[in-house]
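Heads up, the thing below is written out as structure tokens.
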Amino acid sequence: MEYRLLGGSGLKVSVLSFGSATFGGDVAEATRLVDACIDAGVNLFDTADGYSNGRSEEILGQALGAKRNKVLISTKAYFPLGEGPNDRGTSRHHLREALEASLKRLGTEYVDIYHMHAFDALTPIYEVQETLNAFVREGKVRYVAASNFSGWHLMKSLAIADRYGWTRYVAHQVYYSLIGRDYEWELMPLGMEEKVGALVWSPLGWGRLTGKIRRGQPLPEVSRLHKAAEGGPQMPDEYLYNVVDALEEVGRETGKTVPQVALNWLLQRPTVSTVIIGARNEQQLKDNLGAVGWNLTSEQVKKLDLASAVTLPYPYWHQRLFKERNPFPTRV
């Protein structure tokens, strides 16, 4: 397992982390998955208070047990957990209650990384940043991060934190995949400039890059992919098939599976600190963990880049006309 610094912090995270969004029932199965991750060198486990109405946090805490101090826990707040008008968002009132509830469910005295799960346009950014800084001073949170922010949301939050000398976001949890490269347009350059590391969620494009979708091959009549794919951004079938064709070709060259190739491509992108993988069973987990310990060649990366390229929206297509002054970010 490889470890990287989380953005501009001194915290090292495994390049593959485990997402427990599917935890909600069987503690024994969750414990087996957590133990398999730790055995493979995974040191970061991601959850949120909104996953299964808090049950994901409870099960993750139980599955970790005495191993909690050997790993890092990332959780989030924002989504409603009650019927009241203040049971959502990132106000000082809600964040105080949400953090205390998360700590109780996780069975821990602190959270290593605390994310704002989404941007709250009704709460002043000053209020959010001051509250997060207080959490760090109190020792209840080690590092703070954003999730699903626009570029200006993130930049203004960083500027306010810097102005008052408060702890700043060191990471941004984002959707990024071979069939969802919007992150590259604005947020990736910002992450490079401001040293904000990316924690990538849904790296297999809402299940479309698991290898189950192939040109000329219908999905099984009973498959979770039908529901999962409906929830994500839509795209033309031909575009998806072109990307999967390229993944299969590279897979044959490397002897790796489609999801392993897709995950490895992400690990070679600028700003990516860790890619969050999920699994419903140990076989899925084992396959995803096989994405590390090797690297695609530059030619293979280029092949996947070309297959997944799309026309950029304004002003990004215009900026790319002047590559000498606006070069595409490269990994350093």
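The values are calculated or read from the model by the stated rules, or taken from the named source; none is laboratory data. Worth saying up front: this structure is predicted, and the values here are computed from it rather than measured. Neighbour counts run over all protein chains shown; Cβ positions are idealised from the backbone, glycine included. The area values use the complete protein model at the heavy-atom level, side chains included, leaving out ligands, DNA and RNA. Shrake-Rupley method; radii C 1.70, N 1.55, O 1.52, S 1.80 Å.
Observations on the model:
- Test result for residue 98, among the aliphatic types (A, V, I, L, M) and more than 27 Å from residue 289 (Cβ to Cβ): yes
- Residue in region 276-292 that is part of a loop (DSSP other than H, G, I, E, B), open to solvent by less than 40 Å² (accessible area, probe 1.4 Å) and farther than 30 Å from residue 33 by Cβ present: no
- Selection status of residue 129, surrounded by 16 or more Cβ atoms within 10 Å (Cβ to Cβ), modelled with pLDDT of 95 or more and more than 30 Å from residue 308 (Cβ to Cβ): yes
- Scanning region 305-313 turns up one or more residues that are open to solvent by less than 60 Å² (accessible area, probe 1.4 Å), of a type in the set (Ser, Thr, Tyr) and either at positive phi or within 22 Å of the chain's Cα centre (by Cα) (or both).
- Matching residues, region 164-182, being buried (at least 20 other Cβ atoms within 10 Å of the Cβ) and under 12 Å from the mean Cα position of the chain (by Cα): 171, 172, 173, 174, 176, 177
- Answer from 205, 197 - the residue that is among the small types (Gly, Ala, Ser), under 16 Å from residue 308 (Cα atoms) and buried (at least 20 other Cβ atoms within 10 Å of the Cβ): 205
- Within region 152-166, the residues that satisfy the criterion of being closer than 18 Å to residue 135 by Cα and of a type in the set (Gly, Ala, Ser) are 157, 161, 165.
- Test: residue in region 138-155 that is among the acidic types (Asp, Glu) and part of a loop (DSSP other than H, G, I, E, B): no
- Cβ-Cβ distances below 7 Å connect the following pairs, each with a first residue in region 276-297 that is under 18 Å from residue 201 (Cα atoms), a second residue that is open to solvent by 40 Å² or more (accessible area, probe 1.4 Å) and outside any loop (DSSP other than H, G, I, E, B), and a separation of six or more residues or different chains: 276/201.
- Complete set of residues in region 259-284 that are modelled with pLDDT of 95 or more and more than 21 Å from residue 191 (Cβ to Cβ): 259, 260, 261
- Close pairs (6 angstrom Cβ cut-off, 6 or more residues apart or separate chains): within 12 Å of residue 239 (Cβ to Cβ) and in contact (Cβ under 8 Å) with a residue 12 or more places away in the chain in region 304-320, surrounded by 11 or more Cβ atoms within 10 Å (Cβ to Cβ) and aliphatic (A, V, I, L, M) anywhere: 307/243; 307/246; 308/178; 308/243
- In region 184-221, the residues that are of a type in the set (D, E, K, R) and modelled with pLDDT under 95: 208, 212, 214, 215, 221
- Single condition residue 69 does not satisfy, out of (1) without any contact (Cβ under 8 Å) to a residue 60 or more places away in the chain; (2) over 25 Å from residue 138 (Cα atoms); (3) not basic (Lys, Arg): (2)
- Those helices (runs of 4 or more DSSP H) lying entirely in region 1-111 with at least 2 residues within 30 Å of residue 266 (Cα to Cα) and open to solvent by 10 Å² or more (accessible area, probe 1.4 Å): 27-39, 55-64
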